[in-house]
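Below is one structure; the comments refer to it alone.
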Amino acid sequence: MIAAGADWIHFDVMDNHYVPNLTLGPMVCQALKPHAKRADGTAIPMDVHLMVEPVDALAAAFAQAGADWISFHPDASPHAHRSVQAIRSAGCRAGLVFNPGTALDALDWLIDDIDLILIMSVNPGFGGQSFIDAALRKIEHARKRIEQSGRDIRLEVDGGIKADNIARAASAGADTFVAGSAIFNAPDYAQAIGAMRAQLGQLGQRR
Ligand code: ZN
C-alpha cells in the first residue's frame, strides 16, 4: 500500500458488538508499525478507527501499539470527553466519528479538543458498500463547524470512496479520504490510488 502511494494506513477496528463484524486488534497494529514508513524512512501515520464499545480500554491498547490517530464513535462512549482526553494524553491525536444517521451534536462541546472529524459515508461494519450521498451535506456542515472553530482539524470521509466520487467529497470539504475495496479490489493498487489522486489534483487538494 505504501509503495503504491498511500499517505496513511487506516485501521478499521470492529468488535462484533458495536458493529456486527470482527477485524483487527492492537497486536496487528503493533506488528505493522515498524513497516509503516516510506522507502526513504518517512513515517506513515497509523490512523485507527475504533468501531468498538466501550472505547477507552482498546483506545489505550492501540495507543500503546503505535497508533498516531485514534478515532471513536461518540455514541459508543458514555464519557466521550474523557475518551478524547485519554487518547490525547496517551500521545495520539483524537477524532470523532459520525455514522450516516448520527447528528454532529457531539461537536458542540468537543470541537475544541479534537484533531479529526470522520464522516461515515456508509454504515459501519462491512467493506464494499455504496457511498451514501447525504454524507456530502454532512461533510459541508462539518467543514463549516471547523471553520467556525478556527482550529486545525482534519475532515476525513470513510465508506464507498473511489475515483468517481472522491472529487465530490473533496468539494464538500473533506481533506482526508479512506479507500478500502476501491484499492484492495483493484488489480493495480498504484493505479487505483493514482486515479483518485488525479481527481483531487484537479481540485488542488492536499490528499
Ligand atoms: Zn474506517
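The values are calculated or read from the model by the stated rules, or taken from the named source; none is laboratory data. The model shown is predicted, which means the values in this text are computed figures rather than measured ones. Here the Cβ is made from the backbone with ideal geometry for all residues, glycine too, and neighbour counts use every protein chain on show.
Annotations for the structure displayed:
- Contacts under 8 angstrom Cβ, first residue in region 62-76 being closer than 18 Å to Asp113 by Cα, partner surrounded by fewer than 24 Cβ atoms within 10 Å (Cβ to Cβ) and among the basic types (Lys, Arg), 6 or more apart: Asp68/Arg93; Trp69/Arg93; Ile70/Arg93
- Being more than 13 Å from the ligand (Cβ to nearest atom), aliphatic (A, V, I, L, M), under 17 Å from the mean Cα position of the chain (by Cα) and within 16 Å of Asp158 (Cβ to Cβ) is a condition met by at least one residue of region 104-113.
- Of the strands (runs of 3 or more DSSP E) entirely within region 115-181, those holding at least 2 residues that are touching a helix residue (DSSP H, G or I) at 6+ places or on another chain (Cβ under 8 Å) occupy 116-120, 154-158.
- Entry remark, region 11-37: residues being part of a loop (DSSP other than H, G, I, E, B) and either in contact with a strand residue (DSSP E or B) (Cβ under 7 Å, 6 or more places away or on another chain) or within 16 Å of the ligand (Cβ to nearest atom) (or both) number 9 in total.
- Taking the conditions (1) modelled with pLDDT of 95 or more; (2) of a type outside the set (Val, Ile, Thr); (3) within 16 Å of the ligand (Cβ to nearest atom); (4) touching a Ser or Thr at 6+ places or on another chain (Cβ under 9 Å) in turn, Phe177 satisfies each one other than (4).
- Residue in region 58-81 that is among the β-branched types (Val, Ile, Thr) and either over 17 Å from Thr176 (Cβ atoms) or in a loop (DSSP other than H, G, I, E, B) (or both) present: no
- Considering the conditions (1) crowded, with 18+ Cβ neighbours inside 10 Å; (2) in contact with an Asp or Glu (Cβ under 9 Å, 6 or more places away or on another chain); (3) within 26 Å of His17 (Cβ to Cβ), Ala80 is excluded by exactly one of them, (2).
- Within region 89-112, restricting attention to residues that are touching a Lys or Arg at 6+ places or on another chain (Cβ under 8 Å) and closer than 20 Å to Ala57 by Cβ, the residue that is surrounded by the fewest Cβ atoms within 10 Å (Cβ to Cβ) is Ala94.
- Residues (over 15 Å from His17 (Cβ atoms) and crowded, with 23+ Cβ neighbours inside 10 Å) located in region 39-58: Asp47, Val48, His49
- Cβ-Cβ distances below 6 Å connect the following pairs, each with a first residue in region 143-168 that is within 16 Å of Ala186 (Cα to Cα), a second residue that is surrounded by fewer than 18 Cβ atoms within 10 Å (Cβ to Cβ), and a separation of six or more residues or different chains: Gly160/Gln129; Gly160/Ser130; Ala163/Ala195.
- Looking only at region 152-164, and only at residues there that are surrounded by fewer than 21 Cβ atoms within 10 Å (Cβ to Cβ) and more than 16 Å from the ligand (Cβ to nearest atom), the one that is nearest to the chain's Cα centre (by Cα): Asp152
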